[in-house]
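The values are calculated or read from the model by the stated rules, or taken from the named source; none is laboratory data. Keep in mind the model is a prediction, meaning the values are calculated, not measured. For neighbour counting, all protein chains shown are included, and Cβ atoms are generated from backbone atoms with ideal geometry for every residue, glycine included.
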């Protein structure tokens, strides 16, 4: 089975959402995951959505975002039918390439503490968990 990585566009929006939902990620259709906000994010030069595709089927998604100081790998998701093949690592590698091109010296990821498969994937990709941080957030709404 041939699996390719490519940069995604708004033409892929419905499939991106399908992969996220199938993989168990949360979906905020009235906020940050709305078609409008995803389109704005995709239009920015510092952000890239990548997808894994086989036989014209999207099976994985990852987002690389450069904030000018740190690179962030976000929303990595693999269709459950394709897990266990180290595909998430391939997405992480591609996101890292983009972020290094942007100038990132530090690349980060936030992972929920119950998501041990993602923690293992990032560890295999060379990431270290720094337990001395707490994540503080201020949201404009529950959908943000």
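What the table shows:
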{"read-out": "Residue 114, sole failed condition from (1) surrounded by fewer than 16 Cβ atoms within 10 Å (Cβ to Cβ); (2) within 11 Å of the chain's Cα centre (by Cα)", "value": "(2)"}
{"read-out": "Any hit, segment 86-96, residues being modelled with pLDDT of 95 or more, surrounded by fewer than 21 Cβ atoms within 10 Å (Cβ to Cβ), farther than 27 Å from residue 142 by Cβ and touching a helix residue (DSSP H, G or I) at 6+ places or on another chain (Cβ under 7 Å)", "value": "yes"}
{"read-out": "Residue in segment 97-110 that is surrounded by the most Cβ atoms within 10 Å (Cβ to Cβ), counting only those that are within 19 Å of residue 123 (Cα to Cα) and without any contact (Cβ under 8 Å) to a residue 12 or more places away in the chain", "value": "97"}
{"read-out": "Segment 8-23 - residue that is more than 21 Å from residue 98 (Cα to Cα) and touching a residue at least 12 places away in the same chain (Cβ under 8 Å) and, of those, surrounded by the most Cβ atoms within 10 Å (Cβ to Cβ)", "value": "19"}
{"read-out": "Failed criterion for residue 71 (all others in (1) surrounded by fewer than 16 Cβ atoms within 10 Å (Cβ to Cβ); (2) at pLDDT 95 or above hold)", "value": "(1)"}
{"read-out": "Test: residue in segment 104-124 that is within 15 Å of residue 50 (Cβ to Cβ), out of contact with any strand residue (DSSP E or B) (no Cβ under 9 Å at 6 or more places or on another chain) and at pLDDT 95 or above", "value": "no"}
{"read-out": "Search result, residues across segment 74-84 that are modelled with pLDDT of 95 or more and part of a loop (DSSP other than H, G, I, E, B)", "value": "79"}
{"read-out": "All positions within segment 17-66 that are assigned to a strand (DSSP E or B) and over 12 Å from the mean Cα position of the chain (by Cα)", "value": "53, 54, 57, 58, 59, 66"}
{"read-out": "Segment 1-16, residues that are assigned to a helix (DSSP H, G or I) and over 16 Å from residue 81 (Cα atoms)", "value": "10, 11, 12, 13, 14"}
